[in-house]
Every structure is written in structure tokens, then in C-alpha cells.
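No value in this document is a laboratory result; all are computed from the given coordinates. None of these values were measured; they are calculated from a predicted model. Here the Cβ positions follow ideal geometry from the backbone for every residue, glycine too, while neighbour counts run over all protein chains shown.
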Amino acid sequence: MAQPLGTGAKVAIGCVGVLILGGIVTMVLLGGAFWWGKGKMAEVSGEMDKFVGEQKRIEELKQKANANPFQQPPDGVIKEDRLLTFLEVRKRVHSVYQKYEKDIEARGKKEKPDLGDVSAAFGMLNEIRGAQARAQADLGMSDDEYGFLVQQVYKTMWAAQVAKDTGKSVSGATAEAYDTASREMARAAEEARAAEERAKSEGNETAREASGDAAEAVREGLEQLQKQAGQVRESARDLDVPPANIALFQKYEADIKKYAMSGLEWIGL
């Protein structure tokens, strides 16, 4: 059975519909030439037919790739051979992505795409998605495994940087930061209260009120910080990764960063 459309395809097709509608409305409002619009829509229609045909071929490749079973490891440890396979997939996609990198980033920032953008997007999207589908099919990597590795690689990239800067895990560094902030705020509250008492003993009502207000503000901030601490620490634990993954990341860091391809998020890959 053919696999359902992936997130990238759904996002792309949804965006296509919005862009085409936006183009039509704009032409009507501006009194654009009808025959030009008709010809351009025919051009886009032809591109859509081509897009659909290529989409079918991509889905066939996805079906082949997804025939490879994948069970997410309960400990989250990335196997070195699978990381290397993942990097080979990214390498093959990168060779195509490089052709469109500047264009993709520019389109991602463009506020008002036109029909020409839609037509060009068909080609870029399908060529990149096709390269990824072929690579996954050739190398035996399912969408589930690919998605797992994308998630783990980026989590590990963050965790490795935190470990480098602090020598701690993400949750450990977060807990230390909250503890430090709590101590500093508690000390600030004590100092404000002491200042309030001094001003009171000196009969300086203005200073006493100011110090009292400051102490109360710090106390409220400390309470809020303590309320948030548990939730933040729990979220930070979700960002922890096995030490083995950090070691593996460091071993292949250059290739991981080389094939990061941040513009892929714009097209849902």
C-alpha cells in the first residue's frame, strides 16, 4: 500500500493552493490583464501536472524506503553505522540543495510570492524531495528512522555545545543556572529588607518605602522563579542525550554541520 503524503508534501501542496489563490485575487484587485493571467495559469497548470507525476514517483521511492523496519532504541543511543548512512542521505540531498540554497532562503523571506514563485517552487521542491527519497530508498532508511536521526542529531548538537561550555548535561546546566539565580535573588531580597530597616531607623520615609517596594518585587520574582523551576528542569531533561551520542557527534561534527541545510525547514524536510 502506498504511504500517505509526508509532511513536506502536505505543506507544499497547501502553500501552492494559498499562493495561487493569492495571485488570482491580486490580479483582480489590480485590474491585471486577463489574457496574461489566463496564460500564466495555464503554465502553472502544466507545472502542476508535472508536479503530480513526480510526486507519484517520489511516493513509490518512499514506499521502498519505508519497507525497511525501524525500532527506535529505548535508550536513544545512535548507532554509528546508521549515523553514517544518515549522513550519506544528507550528502546526496546537499548536492541538489546547493543549487537552490540562496533561492530557497530568499523565498522563505519573501512576503508576497507571485505565480512565478509557485512555478519555480514546484521544480525546486520536487527535485530536492526526489533526491532525498532516492537516497533513502537506495540506502534502506525509512522516514521513521530518518526523522529519529534528525531529531537526535540536532538535540545532540545542542547538548554537545552545552557540555563544552559548562561541562554538564542540559538538565544539569539548567538546574545550576536556576539555583544560582535563586540564591542571587534571595540575597537581593535580604539586602533590600536591610536597607528598609536602616531607612526606618533613620526616619527616612521615602527611602524606607523605596526599599520596601524593592524587597517586595524581588520576593515576588523569587516565588515566580521557584514555581517555574520544576517545569523548566523537566523540559531540560527532555533535551538530555546519552554521552555516547555526544562522543559520536564530536567524531563526525564537521560533516553533520556541513550537511545541516537550514533552508530545508522552509520546504518541510
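Can you give the relative contact order of segment 170-239 as a percent, counting alpha carbon pairs under 8 Å and 6+ residues apart?
Dividing the mean separation by the residue count of segment 170-239 yields 48 percent.
So how much slack lies between residue 168 and residue 247, counting 0.36 nm per residue of separation and subtracting their Cα-Cα distance, in nm?
Fully extending the segment from residue 168 to residue 247 adds 27.0 nm.
Return the long-range amide H neighbours of residue 261 (sequence gap of 5 or more, or a different chain), with a cut-off of under 5 Å between placed amide H atoms.
Those qualifying (amide H under 5 Å, at least 5 residues apart or on another chain) number zero.
Please compute the modelled spin-label separation between residue 202 and residue 150, points set 7 Å along Cα→Cβ, answer in nm with one decimal.
Taking the simple label geometry, residue 150 and residue 202 are separated by 6.2 nm.
I want to check the label-to-label distance for residue 190 and residue 255. Put each point 7 Å from Cα in the C-beta direction and report it in nm to one decimal.
5.4
Expected output is a single nm value to one decimal: the length gained when fully extending between residue 224 and residue 209, i.e. 0.36 nm times separation in residues minus the C-alpha distance. What is it?
Separation in residues times 0.36 nm, less the Cα-Cα distance, equals 3.1 nm.
Working out 0.36 nm times the residue gap between residue 98 and residue 63, then minus their Cα-Cα distance, what length gain in nm do you get to one decimal?
In short, 10.0 nm is gained.
For the pair residue 75/residue 183, report the inter-label distance in nm, with labels modelled 7 Å from Cα in the Cβ direction.
Taking the two extended label points, one gets 3.4 nm.
To the nearest 0.05, what FRET efficiency results for residue 82 and residue 234 with a Förster distance of 25 Å applied to their C-beta separation?
0.30
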